[in-house]
Amino acid sequence: FREVQDLLFAVIDKGNRDKLSEFNIYSIKQICDYLDIDTKFVDSSSLDYKRGLDAQGKLIDITRLLNGEIYINPIGGRELYSKEEFLKFSLKIFFLKINEFVYPQGKGDFVPNLSIIDVLMWNSKEDVKSMLNNYTLLEGTE
């Protein structure tokens, strides 16, 4: 708790409060650093993609601009995006399904699907890193 509390206070103290998007980016990067997740972040506003497209078209265009071959979306987008549309551009789409997991949250019944902050507060860094591998990639539907 103490280590994560210090991390969260530092994010709140140093994060840009004028723009929510910049604050979110900063906080995500700090949490990734804490969990030793080494990844490159690209702000879509810095890309020259076709902004007039629908949401799916934008994702396809951005994936192509970044020379990607696979796009991975949270499971909630499974009904929104078409495997066929991505295949038209030689792209694959997968959906990230987090497998169920339970961890102690103090008193009371377990409340699922809370934020990463709750997970960090109640679990060791190593346990959280292990939980991050508890997912299934589902192929896009037709």
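The values are calculated or read from the model by the stated rules, or taken from the named source; none is laboratory data. A quick note: this is a predicted structure, and the numbers were derived from the prediction, not measured. Here Cβ is always computed from backbone atoms with ideal geometry, including for glycine, and neighbour counts include all displayed protein chains. With ligands, DNA and RNA removed, areas are computed over all heavy atoms of the protein, side chains included. Shrake-Rupley method; radii C 1.70, N 1.55, O 1.52, S 1.80 Å.
Candidates in the range 105-142 are the residues that are aliphatic (A, V, I, L, M) and assigned to a loop (DSSP other than H, G, I, E, B); of these, the one that is farthest from Ile31 (Cα to Cα) is Val111.
The residues of the range 89-139 that are open to solvent by 90 Å² or more (accessible area, probe 1.4 Å) and among the polar types (S, T, N, Q), listed by number, are Ser90, Asn113, Asn133. If you go through the range 92-104 and keep only what is under 20 Å from the mean Cα position of the chain (by Cα), part of a loop (DSSP other than H, G, I, E, B) and in contact (Cβ under 8 Å) with a residue 24 or more places away in the chain, you end up with Asn99, Phe101. Look at the range 22-46: where a residue is open to solvent by less than 50 Å² (accessible area, probe 1.4 Å) and modelled with pLDDT of 90 or more and a partner is among the hydroxyl-bearing types (Ser, Thr, Tyr) and in a loop (DSSP other than H, G, I, E, B), sitting 6+ places away or on another chain with Cβ atoms under 7 Å, you get Cys32/Thr39. Here is the figure for the range 63-84: residues that are open to solvent by 60 Å² or more (accessible area, probe 1.4 Å) and at negative phi total 13. One residue stands out in the range 1-31 among those that are part of a helix (DSSP H, G or I) and among the small types (Gly, Ala, Ser): the one that is nearest to Ile117 (Cα to Cα), namely Ser27.
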